[in-house]
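Engineer: Take a look at the following structure, please.
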Amino acid sequence: MDDKAYERVLSDVGPRLRRLRQERGVTLAALSETTGISVSTLSRLESGGRKATLELLLPLAQAHQVPLDELVGAPEVGDPRVRAVPQRRKHMTFVPLTRQPGGLQAYKMVIDPVPGTPEQRTHEGYEWLYVLSGRLRLLLADRDVVLRSGEAAEFDTRLPHWFGPADDKPVEVLSLFGRQGERMHVRAKPRSKKDAD
């Protein structure tokens, strides 16, 4: 799908959300109370003044009790099953949920606990994380945040970051990742005065 097609899909989300809400006879105030999204954000989302993000669409899909595909108007397919093969890398099992190279990529990840000190990394791109189960620890620059099931975060991956289980149990995460993410590199640690001599 090219950029124009993506823009067309995104521009149709607002009217679709308004129609769905009105068909159910729900006010913006009531929907705001159910989802925790402010009335002004919901209004801008419906009018096209705010871009749809996973963090906004997931609670709306849950509130309306419809699949996420229905909110974005995904085309019908003959066989809806995703036939991706789970892949294992070090302490993580992940399933790629998108089939097109480049652009926005989606992954379902199960991250196992790993002993030791987390190492923050930076790379080009933007990431959205939604916790499906467990507790996720997110280190973002100098912030240390714990997300629980049903919570989401989004951040510029050029900031030093690391995420993984917040305790000794695996965490299951849905990730949407923007372009350029494949160029990952380890953030250089400052050299000590001893190393500089």
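Coordinate-derived values only; no laboratory data. Predicted model only: the values in this text are computed from it and were never measured. Please note: Cβ atoms are built from the backbone with ideal geometry, for glycine as well, and neighbour counts cover all protein chains shown.
Engineer: Compute the FRET efficiency between ALA106 and SER133 as 1/(1 + (r/R0)^6), taking r as their Cβ-Cβ distance and R0 = 25 Å, and round to the nearest 0.05.
Structural biologist: 0.90
Engineer: Sum up the charges of everything whose Cβ sits under 9 Å from the Cβ of VAL72, counting Lys and Arg as +1 and Asp and Glu as -1, but leave VAL72 out. List each step's numbers first, then the result.
Structural biologist: On the way: positive: ARG16; negative: ASP12, ASP69, GLU70.
With Lys, Arg at +1 and Asp, Glu at -1, the net is -2.
Engineer: Let me ask something additional. Can you compute the radius of gyration and Dmax for region 111-158, using only the Cα atoms, both in Å?
Structural biologist: That works out to 11.3, 27 Å for Rg and Dmax.
Engineer: FRET efficiency for VAL66 and LEU10, Cβ-Cβ distance as r, R0 = 22 Å, nearest 0.05?
Structural biologist: So, using R0 = 22 Å, E works out to roughly 0.80.
Engineer: Here is a further query. By how many nm would the segment from GLU154 to ALA30 grow when fully extended, if each residue of separation counts as 0.36 nm and the alpha-carbon distance is taken off?
Structural biologist: The GLU154-ALA30 span can extend by a further 42.1 nm.
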